[in-house]
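Novice: The structure is given below, and queries will be raised subsequently.
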Amino acid sequence: MPELPEVETTKNGIAPHILNQTIERIDIRQPKLRWPIPDDVPTKLPGQVVHSVTRRGKYIGVQTDAGTLIIHLGMSGSLYFVAPETPPMFHDHVDIHFAGLNKVLRYTDPRRFGAMLWQEGDWQTHELIAHLGPEPLTDAFNIDYLYEKAKGRKQAIKQFIMDSKIVVGVGNIYANEALFMAGIRPTHAAGNISKARLAVFVDCIKTVLAAAIAQGGTTLKDFVSGEGKPGYFKQELKVYGRAEQPCVTCQAPLKEIRQGQRSTVYCAHCQK
DNA sequence: CAAGACTCCTGTCAGC
DNA sequence: TGCTGACAGGAGTCTT
């Protein structure tokens with residue numbers, strides 16, 4: 001389940017290998033991902049040179065002069081290189097071949113929650129991307145911005161912060177962790193939290209994500225060879241996946257509830 | 001507009 | 001042992 005750190009690491013891992021390389025062909029064995037892979041992907045990409053690989057939220061853009069291949073890993077997707085003749089397994093849906101490159105970029109996604117899309121021109125104008133909130137690690141995501149967005153909102157802070165129109169890249173795991181670090185109860189209405197506490201929350205989100213990206217590089221450092229298995233550094237997680245276990249701060253057993261079909265774990269003593 | 005429910009998909013695991 | 005059902009989860013879409 002790639003969160004933003006894994007997507008960033010994936011992007012950084014594949015970019016140096018495919019930059020300035022010419023796409024030879026795209027083999028699509030299973031076009032039915034979250035949405036069908038558009039015909040433009042296999043028809044317009046061959047012959048194109050990759051001139052940049054960038055990330056927006058959890059979307060990766062592989063840009064060429066003809067257009068951009070937009071990739072989302074969903075929750076079970078991964079991208080990695082394999083030797084050219086490596087036989088595909090059942091969930092290996094797409095292979096991207098490059099001219100003169102002695103390896104193939106393979107997309108695997110057992111649950112097919114991921115996507116491959118196509119956008120000509122500026123790829124960030126794609127309708128799924130144009131309305132996304134700011135990147136969490138940029139200055140655009142700051143206390144003044146978040147306070148304005150939260151004003152009047154009755155939605156629980158956890159669900160609010162997981163809304164990609166508010167800010168991208170804060171998935172369930174990191175929402176739980178950042179709320180614990182900030183000492184904020186996940187069920188607290190977003191609009192009722194003081195500006196001072198929201199400011200702490202902003203800092204905690206940045207801290208948690210930055211640390212995870214730093215670790216993500218380590219977690220997935222072998223993924224280029226196709227062996228990477230992200231573990232989210234479970235020992236680093238303070239609340240996620242630790243229901244009923246003692247709070248690392250006060251030893252009280254952590255509580256688990258459900259918010260919008262998502263599991264939330266928190267410490268009723270430390271998070272107010 | 002806001003908020004919640006529903007949906008896609010399959011591996012994993014608990015329960016019988 | 002094998003089957004059934006619940007569950008997880010990103011995020012778009014539908015409903016209220």
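Novice: Taking just the alpha carbons, could you work out the radius of gyration and Dmax for the range A:80-161, both in angstroms?
Specialist: So, for the range A:80-161, Rg and Dmax equal 19.7, 57 Å respectively.
Novice: Taking R0 as 41 Å, what FRET efficiency do you get between A:SER194 and A:GLU127 from their Cβ-Cβ distance, rounded to the nearest 0.05?
Specialist: With a Förster radius of 41 Å, E is 0.70.
Novice: A follow-up question, please. Return the Rg/Rh ratio of the range A:4-153 with Cα-based radii and a Kirkwood Rh.
Specialist: Result: Rg/Rh = 1.01.
Novice: When only C-alpha pairs under 8 Å and at least 6 residues apart count, what is the relative contact order of chain A, in percent?
Specialist: About 17 percent, as a whole number.
Novice: Each label point is 7 Å from the Cα along the Cα-to-Cβ direction; what then is the distance between the points at A:GLU148 and A:ALA99, in nm?
Specialist: It is 4.8 nm.
Novice: Could you let me know the centre-to-centre spacing of the range A:101-179 and the range A:34-80, using Cα atoms, in angstrom?
Specialist: 17 Å
Novice: Cα to Cα, under 18 Å, and not fewer than 8 places away if on the same chain: which aspartates and glutamates meet these conditions relative to A:LYS151?
Specialist: Within the straight-line limit of under 18 Å, A:LYS151 reaches these aspartates and glutamates: A:ASP163.
Novice: Subtract the Cα-Cα distance of A:SER263 and A:THR249 from 0.36 nm times their separation in residues, and report this length gain in nm to one decimal.
Specialist: Once the chain is fully extended between A:SER263 and A:THR249, it gains 3.0 nm.
Novice: Something else now. What do you get for Rg/Rh of chain A when both radii come from the Cα atoms and Rh is the Kirkwood radius?
Specialist: 1.01
Novice: Rounded to the nearest 500, what is the 222 nm mean residue ellipticity of chain A from helices alone, with -39500 (n - 2.57) per DSSP H run of 4+ residues and division by all residues?
Specialist: Only helices count here, giving -8000 deg cm²/dmol.
Novice: Only helices at least 30 Å long along their axis, Cα-based, and averaging 0.5 or more on Kyte-Doolittle count here, so list those DSSP H runs from chain A.
Specialist: In chain A, the long hydrophobic H runs are A:195-219.
Novice: Still on this structure, please answer the following. Say each of A:THR138 and A:ASP39 gets a label point 7 Å from the Cα, pointing the same way as Cα to Cβ; how far apart are those two points in nm?
Specialist: 3.5 nm
Novice: Continuing with this model, one more query. Can you tell me the FRET efficiency between A:LYS32 and A:LYS206 if r is taken as the Cβ-Cβ distance and R0 is 41 Å, rounded to the nearest 0.05?
Specialist: 0.65
Novice: What ranking, highest mean first, results for peptides A:55-62, A:193-200, A:111-118 when packing means the other Cβ atoms within 10 Å averaged over each residue?
Specialist: Answer by packing, highest mean first, reads A:55-62, A:111-118, A:193-200.
Novice: Using 0.36 nm per residue of separation minus the Cα-Cα distance, give me the extension gain between A:MET89 and A:THR54 in nm, one decimal.
Specialist: 9.8 nm
Novice: Taking a threshold of 32 Å on the Cα-Cα distance, which of the pairs A:LYS11/A:LYS154; A:LYS103/A:LYS158; A:LYS32/A:LYS149; A:LYS58/A:LYS238; A:LYS32/A:LYS255; A:LYS206/A:LYS272 fall above it?
Specialist: As for pairs spanning more than 32 Å Cα to Cα, those are A:LYS11/A:LYS154; A:LYS103/A:LYS158; A:LYS32/A:LYS149; A:LYS32/A:LYS255.
Read the figures in this text as sums done on the coordinates, not as results from a lab. This one's a predicted model, so the numbers in the text were calculated from it and none came from an experiment. Cβ coordinates were reconstructed from backbone atoms using ideal geometry, including for glycine residues, and neighbour counts include every protein chain displayed.
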